[in-house]
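Peer 1: Below are the structure tokens for one structure; questions will follow.
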Amino acid sequence: MSFSFDPLSPAFAENPYATYSELRDFDCPHFDVDLEMVLLARYEDIATIATNPAMLRSLDGIETPAQARERQVEANWHDMPFHERFVQTSLLDSDGDTHRRLRKQIFGEFTARRVGKLESTVQAFVDALLDDLQHSDSFDFVNDFAAHIPGHVIGHLLGVPAEDCPQLRIWSERVVQFFDVDRSDKRKQLAETATREFHDYLVDLRQERSVRPRDDLISKMIADERSGHYSPDEFISTCMLILMAGHGSTIDVLGSGMHTLLKYPHETRQLREDPRQLPNAIQEMFRYESPLPFFHRHATEDVILRGHHFPAGTTFGLLYGAANRDPGQFANPDRFDIARHPNRHLAFGLGAHLCLGNNLARLNMRVIFETLLRRYRVIELAADHITYKPGLSVRGPTALPVKLHFESGPLDSRLLH
Ligand code: HEM
């Protein structure tokens, strides 16, 4: 049976879940000719590959330099020296000993206890943003509100001065956009320039903090670099990764989480009545609209999945967003259910590369939704139709116009719809 789909089409952005469902139904996982990879959409298949140490993110040491170059040119990843050095090469794209060493250096900074110390920073920033916005009749929840938060919080964690955080956001967006299916030369130029400027900024900041260390992540990383735990390039690429991995993903899940609450007024009412359910509701938001739905692994040895043989050299596309709607794992997977339990979704991945920032992402979400539900009795959608971003690698609304009201009233008729 022939099957194809266009990840850049408006139809896929509107509803990727129909395609995911078709992919899950194939007896043998589907090889996509355009993407040159086997797309995995079932929960079990993805968990099997993500936890297999022979399935790697990088092809270093597996392919010859000539093959690596050919692949780079095909993907339009070439002739971008800063991007190749600091973005295409990173903790996320390393494996084995290098990956373990780099991950270990920052792991302790992202535990629930450590990121919990950022709560007052997140709260103060969110309160100030809402104070400014509440004078508007309506505003765009994604671009006027959510988009400002993660860059500020991650910047604060790293030790970037608050006035520079908006610039971090612009660089991060330009770099990350180039990861998706649309790798036009225009986007390439923007990504390379942003990486170079970001690099120059971090070099200056490193210089300044070397002389006057503070209680921030960048000062700790400088000390680790001096002790030989990072090369100078690894220092820069790790700083960039922390920002880029956590920025767009948080904005997208804030937008889709809000949109989902608006579509499920019954669940939202329950949340208002019992705010202790918020951590569970947030867990469900990550499952229901996973903001980073697609990653990959390269097989360094043969592997059998459901009786089908895949030789070493196969690239697998891990559709975490599809796993999270797999009826084999979740009852009524297309229903948003804040009481869902257990809810072992794969939105943060699984195995060696499990997201380092998941506690920080949850903290941001908890503070923001707790504040919104406490401050506003009514939150209304102020548009007829919401569009989602195109592409395979990201999931989130492009804009989400909302109106906020303080007053209490007959909630049933006015609350979120
Ligand atoms: C907001 C929602 C977020 C989602 C859905 C998410 C998702 C993911 C996923 C799925 C991976 C694994 C990639 C793979 O399997 O190949 C990952 C890795 C990573 N994430 Fe996140 N992430 C989020 C937020 C953050 C934040 C806030 C940070 C840091 C500030 C962060 C930092 C990282 C890092 C450093 C890695 C690489 C880990 C490694 O390779 O060992 N993420 N993330």
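Peer 1: For the peptides 243-249, 376-382, 135-141, what is the packing order when you average, over each peptide's residues, the other Cβ atoms within 10 Å and list the highest mean first?
Peer 2: So the order, starting with the most tightly packed, is 243-249, 376-382, 135-141.
Peer 1: Could you tell me what fraction of 2.2 N^0.38 Å the Cα radius of gyration of the stretch 289-378 comes to, as a two-decimal ratio?
Peer 2: Values: Rg = 17.3 Å, N = 90, 2.2 N^0.38 = 12.2 Å.
Ratio of Cα Rg to 2.2 N^0.38 Å: 1.42.
Peer 1: Which of the helices in the chain, when you take each full DSSP H run, stretch at least 27 Å along the axis at their Cα atoms and have an average Kyte-Doolittle score of -0.5 or higher? Walk me through the intermediate numbers first.
Peer 2: Details: long enough: 185-211 (40 Å, -1.27); 232-263 (47 Å, 0.66).
Qualifying helices: 232-263.
Peer 1: Then there is this: If the cut-off is a Cα-Cα distance under 12 Å, which aspartates and glutamates reach K104, setting aside same-chain residues fewer than 8 apart in sequence?
Peer 2: D224
Peer 1: Ranking request for peptides 216-223, 273-280, 293-300, 123-130: highest mean number of other beta-carbon atoms within 10 Å first, then the rest in descending order.
Peer 2: In decreasing order of mean packing, 216-223, 273-280, 293-300, 123-130 become 293-300, 216-223, 123-130, 273-280.
Peer 1: If you find the alpha carbon centre of the stretch 308-365 and of the stretch 13-76, how far apart are they in angstrom?
Peer 2: The stretch 308-365 and the stretch 13-76 have Cα centres separated by 15 Å.
Peer 1: Excluding residues fewer than 8 places away in the same chain, name every one of the lysines whose C-alpha is closer than 23 Å to that of K186.
Peer 2: The qualifying lysines are K389.
Peer 1: When the Cα atoms of the stretch 10-414 are enclosed in a convex hull and the volume is divided per residue, what value in Å³ results?
Peer 2: Normalising the Cα hull of the stretch 10-414 by residue number yields 144 Å³.
Peer 1: Determine the equivalent ellipsoid of the stretch 91-133 by diagonalising the alpha-carbon gyration tensor, then write out the semi-axes as square roots of 5 times the eigenvalues, largest first, rounded to whole Å. Each step should come with its number before you reach the end.
Peer 2: Numbers: eigenvalues 228, 32, 5 Å².
Sorted largest first and rounded, they come to 34, 13, 5 Å.
Peer 1: Expressed as a fraction of 2.2 N^0.38 Å, the rule-of-thumb size for a compact globular protein of N residues, what is the C-alpha radius of gyration of the stretch 120-220? All intermediate terms of the calculation are to be shown ahead of the outcome.
Peer 2: Working: Rg = 16.0 Å, N = 101, 2.2 N^0.38 = 12.7 Å.
So the stretch 120-220 has a normalised radius of gyration of 1.26.
Peer 1: Now for a different question. Can you classify the stretch 360-410 as rounded, prolate or oblate using the Cα gyration tensor, where a ≥ b ≥ c are the square roots of its eigenvalues, rounded means a/c under 1.5, and otherwise it's prolate if a/b beats b/c and oblate if not? Walk me through the numbers before you get to the answer.
Peer 2: Values: a/c = 4.50, a/b = 1.37, b/c = 3.29.
Judged from the Cα gyration tensor, the stretch 360-410 comes out oblate (a/c at least 1.5, b/c at or above a/b).
Peer 1: Most fluctuating residue of R103, R187, R212 in a GNM of the chain with Cα springs under 10 Å: which is it?
Peer 2: R212
Every number in this text was worked out from the coordinates using simple rules, so none of it is lab data. Please read these numbers as outputs of a predicted model, since none were measured by experiment. For neighbour counting, all protein chains shown are included, and Cβ atoms are generated from backbone atoms with ideal geometry for every residue, glycine included.
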